[in-house]
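Heads up: the structure comes next, in structure tokens.
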Amino acid sequence: MAGYPAGRFRGKERHTVTRWRTRRSTRLFAAFSILASVSMLALSAGPFAGQQVGVAEARNMLISTADQDTASRLNPVLVERARQTPDASITVHAYVMEGTDLSAYMPDALQRRWVSPDGLTITTGTVRARNLEKLASVPGVISVDPMTGAYAPASLPQSELQAAPQPNAELRASMTARIQSGERNNTPGGQSSASPNGWYDVLNTHHSAEAWDLGYTGAGVKAMVNDSGVDFTNPDLIGTWAVVEDEASPYFGWPEQFDAFSMFLHARDVLLGEANIASGAGYYADTSAVVSDSNSSYQPLDSASAYDYTLTGTSLSGEYHIGTHPDTSLRPWYFIATGQEPGENGAGERPAILVVDENTAGWYDTVYVDLDFDNDFSDEKAMTKSDPISGADWWGAYNPETGEYDAEPDGYYDISGGLIYWISDGMNSGPGRRLVVGIRRHR
């Protein structure tokens, strides 16, 4: 996959020279890590055997025990959805004891194979809102939550955008002119060996100070960020992502990262014949479309028309793979970069991405993102396994007192294309699938 084109965009997964071989893969993907193709195992699962259900904690919430009433197992958001739109189909994930069968109310149920030490796993699928309480009443169900993936409620980003400083017409025009001039800095000035300038504990929660008093500093320790939204083009984070160190792994050298939501969507594509990845719903980018220097027309998702792109001229086979960047937060830049005014919905387009075989014909190892929306990949920064981030630096910092931006690039990316953590090679499934997903489908 290129966690954004035949891959994926994100920020934590390990590398190997697992690139696409066009002859072996009918659909190419890329995985990206933003500010985020697996073989699935379809098995039947036995009924819940009546194990004693204990109290567990997941996603910063206390999971209800089995002897509590059914309503307490439902996320309050789902309770409200059931009341307002009882006929709606809702995608949920349920924390359940191993073997719990939810297919009576969730016909497309997919259950994670990996089971925690206390017997818990997760089943994900769609359920009619009016059946949510029935689903929660099935023996073995601990809690049921909405499946929102990496997407926050629509009201939050919009309110934050409205409160943020907005460029006036003159400044907006100068920003557009700067982008369209082609003057930019693709090399970030971030720190690859950042270190803390102080020590801070978190009240009485982490008890970090006690460890420091014993001489522990954390040197050489890897920390996992169990969340979405990490932007590894931040100057303080450049070069800090973990990489796969197992030389026998097909992901050796790639950033070590996993996006459960995109993996779930891909599982539905494989097992249920849906098209979630191709439609841009997750953070895996479908780059199965092929273009060439003589025929470079492509229509990105959310675009009203196709464009003829200027390619990089670096493909050894002459065949490029192209797709759409999965990060919808890049869409507002479309209007600034092109000098257009947003329409009524203001959604905008997402940039296209190009995957290129620059070192061996047929093995795709390099990704470009058209961050300035000029339909030209030749001026973009290359993303590779050894240098997986993308961004563009057009100007300096914004001064809220004067309402102006510094005229010269300052080494800080003004826009981030994210981090790519896997390019599909036509042979291996996406990273993390064997450890985490291995999905079972109830029949």
Residue count for the range 92-149, restricted to those that are in contact with a His (Cβ under 9 Å, 6 or more places away or on another chain) and not in a loop (DSSP other than H, G, I, E, B): 9
Unmet criterion (only one of (1) modelled with pLDDT of 95 or more; (2) more than 17 Å from GLU380 (Cα to Cα); (3) among the aliphatic types (A, V, I, L, M)) for LEU311: (2)
Residue selected from the range 150-193 under the condition acidic (Asp, Glu) and assigned to a helix (DSSP H, G or I), by the criterion modelled with the lowest pLDDT: GLU160
Meets criteria (in contact with a strand residue (DSSP E or B) (Cβ under 6 Å, 6 or more places away or on another chain), within 23 Å of PRO235 (Cβ to Cβ) and in a loop (DSSP other than H, G, I, E, B)) for PRO431: no
Test result for ASP286, at pLDDT 90 or above and exposed (fewer than 14 other Cβ atoms within 10 Å of the Cβ): no
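Checking the condition under 24 Å from ALA281 (Cβ atoms), surrounded by fewer than 18 Cβ atoms within 10 Å (Cβ to Cβ), out of contact with any His (no Cβ under 8 Å at 6 or more places or on another chain) and among the aliphatic types (A, V, I, L, M), which residue from ALA361, ALA347 passes?
ALA347 is the lone residue from the list that is under 24 Å from ALA281 (Cβ atoms), surrounded by fewer than 18 Cβ atoms within 10 Å (Cβ to Cβ), out of contact with any His (no Cβ under 8 Å at 6 or more places or on another chain) and among the aliphatic types (A, V, I, L, M).
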Single match in SER292, SER279, SER303 (criterion: closer than 25 Å to ASP374 by Cα and modelled with pLDDT of 95 or more): SER292
Verdict on GLU256 being under 26 Å from PRO431 (Cα atoms) and touching a Lys or Arg at 6+ places or on another chain (Cβ under 6 Å): yes
Checklist (1) over 30 Å from ALA382 (Cβ atoms); (2) at pLDDT 80 or above; (3) in contact with a helix residue (DSSP H, G or I) (Cβ under 9 Å, 6 or more places away or on another chain) applied to VAL202, failing item: (2)
Residue match in the range 373-383 (condition: of a type in the set (Phe, Trp, Tyr), at pLDDT 95 or above and not in a loop (DSSP other than H, G, I, E, B)): no
Some residue of the range 37-49 being in a loop (DSSP other than H, G, I, E, B), modelled with pLDDT under 65, more than 29 Å from the chain's Cα centre (by Cα) and buried (at least 17 other Cβ atoms within 10 Å of the Cβ): yes
Number of the exception - GLY430 against (1) more than 18 Å from SER174 (Cβ to Cβ); (2) modelled with pLDDT of 85 or more: (2)
Test: residue in the range 341-350 that is at pLDDT 95 or above, part of a loop (DSSP other than H, G, I, E, B) and within 27 Å of ILE238 (Cβ to Cβ): no
Test: residue in the range 265-279 that is in contact with a helix residue (DSSP H, G or I) (Cβ under 8 Å, 6 or more places away or on another chain), crowded, with 19+ Cβ neighbours inside 10 Å and of a type in the set (Gly, Ala, Ser): yes
Residues of the range 316-338 classified as crowded, with 24+ Cβ neighbours inside 10 Å and in a loop (DSSP other than H, G, I, E, B), total: 3
So PRO409, is it modelled with pLDDT under 90 and either touching a helix residue (DSSP H, G or I) at 6+ places or on another chain (Cβ under 6 Å) or surrounded by fewer than 16 Cβ atoms within 10 Å (Cβ to Cβ) (or both): no
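The values are calculated or read from the model by the stated rules, or taken from the named source; none is laboratory data. Because the structure is predicted, anything quoted here is derived from the model rather than measured. With ideal geometry, Cβ positions are generated from the backbone for all residues, glycine too; neighbour counts draw on all protein chains shown.
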